[in-house]
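Worksheet for the structure shown next.
The values are calculated or read from the model by the stated rules, or taken from the named source; none is laboratory data. Note that the structure is predicted; figures quoted are calculated from it, not measured. Using ideal geometry, Cβ is built from the backbone for each residue, glycine included, and neighbour counts are taken over all protein chains shown. Each accessible area value is taken on the protein alone, full model and side chains, heavy atoms only, with ligands, DNA and RNA left out. Shrake-Rupley method; radii C 1.70, N 1.55, O 1.52, S 1.80 Å.
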Amino acid sequence: MRHRIAVVGSGPAGLTFARVLHRHGYRVAIFERDPAPDARPPGGTLDLHEGLGQLALDKAGLLSEFQELARPEGQAMRILDPGGTVLRDWRPRPDDRANPEIDRGQLRDLLLGPLDVQWGRGVTQVVPGTQDGVLVHFADGRQETFDLVVGADGAWSRSRPAVSSVTPHYTGVTYVETSLDDVAARHPGLDRMIGDGSVAVYGVNRALVAQRNSGGHVKVYAQFRAPLDWHTHLDLADVEAVRSSLLALFDGWAAPVLDLLRHGTAFVHRPLYVLPVSHTWAHVSGVTLLGDAAHLMPPLGAGANLAMLEGAELAESIATGPEDLDETVRAFEEQMWARADRWAKITTAGLERLVSPDPAEALALFDQVQPS
């Protein structure tokens, strides 16, 4: 008899898990609180690493389709100082496929494929250990039971309390996101400054990063150290008030750099939260976690990659491993925790250096990770 399996959340982790199981002939119930795939903006662009996200897509049989959509040129990285001087300008080789970029929306649609997501089915609670299995409570009042519930529902997971009482904590670093559209035609100077991939400018305890997406769209992130309540004097819905506050925060930076903020169309406040670096839990039969629900870490290129590989590995283990589902999940968790611990330490240290009192730390970090 096939196991009754549910995944909570339709992000990269949950969809990769379901897609790999689908490839092996398994049906998975996918529950997502959003009412439709396009109910909210999908976010920016992701670089999928050869040994992580791309490996997961290979396990799902989607690697060639990804390569048709991906932007290898998006691996380009340029670093400026606050005066606008170019300090580093890394450009990928024509055959470099190590970390090509793909828009989150394109990745979501690629993973969705034939999957049947139950949209508008928000989960409020997951209760293991009932007589019929793991009980899932929904926002609409309904309940269903499963043999395995995989929580892939992000930073503020409703599944996590079933296995862990730990909640995310604020890092002391805040992002404020804005966007530029049709950048080549409307802002040719910024188009040249950003290049094919990303441009980053590092100052004392603050940074501006612009990242090219497809279709002439650019995401801009103002990053700075501040108390969680730094914005209490602001109406975050007042675009011009937020813009003025950010321009004051980056006062003295070169005019072309500040144009990234001057031309932003709207601003979204994104304080960075993380889970403890070595977050684990005592194994609970019938419930496990993937991605940010399990190991929320600073957004430095690892999170989605880890989440996708975890989803693929767990699905593959279930489809090809021993009949004992609990044994399979327990072994997977041990493997996941060890790898996530390494990456959480790397990304936590990286955030400390990228938004630092000494901007030279950010440059030194990139010199370590970029090819010479």
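The table below lists the values:
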{"read-out": "Unit charges at the beta carbon, dipole of the chain: most positive-side option, TRP281, TYR202, THR232", "value": "THR232"}
{"read-out": "Most mobile of ARG23, ARG78, ARG160 in a GNM of the chain (Cα contacts under 10 Å)", "value": "ARG23"}
{"read-out": "Dipole magnitude of the stretch 172-233 about its Cα centre (Cβ charges: Lys, Arg +1; Asp, Glu -1), debye to nearest 20", "value": "160"}
{"read-out": "Folded to 0 to 90 degrees: helix 303-320 orientation relative to the chain principal axis, Cα", "value": "20"}
{"read-out": "Calculated P(r) tail over 17 Å for the stretch 100-145, as whole % of Cα pairs", "value": "54"}
{"read-out": "HIS169 accessible area, 1.4 Å probe, all protein chains in place, Å² to nearest 10", "value": "90"}
{"read-out": "Rounded to 10°, Cα long-axis angle of helix 239-249 versus longest principal axis of the chain", "value": "70"}
{"read-out": "Computed P(r) (all Cα pairs; the stretch 208-254; 10 Å bins; percent)", "value": "21, 47, 28, 4"}
{"read-out": "10 Å-binned pair-distance histogram of the stretch 106-209 (Cα, whole percent)", "value": "10, 25, 23, 22, 15, 5, 0"}
{"read-out": "Residues ALA237 and THR124, FRET efficiency given R0 of 22 Å [Cβ-Cβ distance, rounded to 0.05]", "value": "0.20"}
{"read-out": "Surface share of carbon and sulfur [accessible, 1.4 angstrom probe, percent] for the stretch 194-316", "value": "53"}
{"read-out": "Positive-end residue of HIS3, SER64, GLY151, charge dipole of the chain with Cβ unit charges", "value": "GLY151"}
{"read-out": "Debye, to nearest 20: dipole size of the chain, +1 on Lys, Arg Cβ, -1 on Asp, Glu Cβ", "value": "240"}
{"read-out": "Relative contact order of the chain, defined on C-alpha pairs under 8 angstrom at six or more residues apart (%)", "value": "22"}
{"read-out": "Enclosed volume per residue, in Å³, of the convex hull spanned by Cα atoms of the stretch 135-184", "value": "178"}
{"read-out": "Where GluC sites (Glu not before Pro) fall in DSSP loop in the stretch 289-372, at most 11 other Cβ within 10 Å", "value": "GLU323"}
{"read-out": "Per residue value of the accessible surface for the chain (all protein chains in place, 1.4 Å probe), Å²", "value": "44"}
{"read-out": "Protein accessible area in the stretch 1-67, 1.4 Å probe - carbon and sulfur %", "value": "47"}
{"read-out": "Simple spin-label estimate for ASP341 and ASP132 in nanometres, 7 Å along Cα-Cβ", "value": "3.9"}
{"read-out": "Exposed-site-free run, longest, the chain (rule: chymotrypsin sites (Phe, Trp or Tyr not before Pro); DSSP loop; at most 16 other C-beta within 10 Å)", "value": "231-372"}
{"read-out": "Share, in percent, of DSSP beta bridges within the chain that are antiparallel, nearest 5", "value": "75"}
{"read-out": "Rounded tilt (10° steps) of 12-23 against the dominant C-alpha axis of the chain", "value": "40"}
{"read-out": "Whole-number percent relative contact order across the stretch 65-176, with pairs defined as alpha carbons under 8 Å at least 6 apart", "value": "16"}
{"read-out": "Selected from VAL134, VAL163, VAL284 as most flexible by GNM, with the chain as the system and alpha-carbon contacts under 10 Å", "value": "VAL284"}
{"read-out": "Debye log10 I(q)/I(0) for the chain, one point scatterer per Cα, at q = 0.15 Å⁻¹", "value": "-1.36"}
